[in-house]
Every structure is written in C-alpha cells, then in structure tokens.
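The values are calculated or read from the model by the stated rules, or taken from the named source; none is laboratory data. Only a predicted model underlies this, so the values are computations on that prediction, with no experimental measurement involved. Heads up, the Cβs are rebuilt from the backbone with ideal geometry, glycines too, and the neighbour counts pull from every protein chain shown.
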C-alpha cells in the first residue's frame, strides 16, 4: 500500500514539474511565436503582391512598400502601386485553408494568391496550394464571382479549371475566395 501511495505522489509531482516547465517555455516563447506569425503574413503579402525581398530585408521592404489598414476589424494591405491584399480563410473539403489574395487597383482583378495554410489531402486536394494552380487565378475577375469549371472547360474572365482528382477541394477554394471577396467589398 505504501508503494502505491509513493508512486501516486511521484506521478503527481512529476506532472506538476513537467506542466510548470511547459508553461514556462510557452511564456518565454510566446512573443517569438507571435513575431514569426506576423513575419509569415508580411512575407506572404509581399510574395502575393510580387514584391521582391530577402529574409534580411523583409521588414524594410514591407514598411517601404505596404500600408497596413484596418476598417471595422477587417485588415488589408495597400501597396504603393494601388493594389490591395487581404487575408482569406475558410473551410476546404477536409480542413481550413488560409492565405493572402491581392487585387489590382480595379479591385476586382486578381494579381496573385498565396496559400499560407492548408489541410487538404496531400498530393490531391493540397495541390490547390501549388504555384502552378494558383497562377491560373492571375488576371481573373472576382466579379460577378470566380467560377470553378471542369478541367479544360474554363474560358471566361472569371473562370478557372478545377484540378483533376481534386474537384471538391477546387470548388471549396473557389467558394472561400468568393465569400471573402464579398466580405472585403463591405469594407
């Protein structure tokens, strides 16, 4: 009986020590994690707006070329050329998809898209985050809305081919872009 009590006390003490260590590590790394998240967003905005930078000068290039704005809690980024970028987020087929979309000054033509986070099936739905697919959206109109067409069938200013084998993920991505653009237009 005494051995069982000793074991329970040991497990409880070990749990307290390890939990305290995890809390301490979280406390000391929280600011670094937040800074890295912000840097990832800034790098994605620059990439989406096709502004060259390196890791060493990213902060400087961002501050020289981008104005960060917020209206009603909606954050967007203006470039010196008059382009606008904003974050998008939504549900894909299997999980969340987040990223940055940039628009030309006409506020309806896509300049570029960068996917920051995706939880679609690797090798299938996750291919919507590949540059070769995202480049198909460049120059496409968000008005009246982006339409995802069967592979090889797109021919309109607002139509993009779906990925073969990832039609549902492609359609979900199109819905995310359309809903986030509608939200953007409100501001």
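The table below lists the values:
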item	result
Options 137, 187: the member that is under 24 Å from residue 103 (Cβ atoms), in contact with a strand residue (DSSP E or B) (Cβ under 7 Å, 6 or more places away or on another chain) and surrounded by fewer than 14 Cβ atoms within 10 Å (Cβ to Cβ)	187
Number of positions in the stretch 55-80 that are under 19 Å from residue 104 (Cβ atoms) and exposed (fewer than 13 other Cβ atoms within 10 Å of the Cβ)	2
Every pair of residues 6+ apart whose Cβ atoms lie under 9 Å, when the first sits in the stretch 124-143 and is on the phi > 0 side of the Ramachandran plot while the second is at pLDDT 90 or above and surrounded by fewer than 15 Cβ atoms within 10 Å (Cβ to Cβ)	139/157
Residue check for residue 21: within 13 Å of the chain's Cα centre (by Cα), farther than 21 Å from residue 182 by Cβ and without any contact (Cβ under 8 Å) to a residue 24 or more places away in the chain	no
Segments classed as strands (runs of 3 or more DSSP E), wholly inside the stretch 60-148, with at least 3 members that are under 13 Å from residue 48 (Cα atoms)	74-79, 84-91, 96-103, 110-118
Residue count for the stretch 144-180, restricted to those that are touching a strand residue (DSSP E or B) at 6+ places or on another chain (Cβ under 8 Å), within 27 Å of residue 77 (Cβ to Cβ) and either exposed (fewer than 15 other Cβ atoms within 10 Å of the Cβ) or in contact (Cβ under 8 Å) with a residue 24 or more places away in the chain (or both)	14
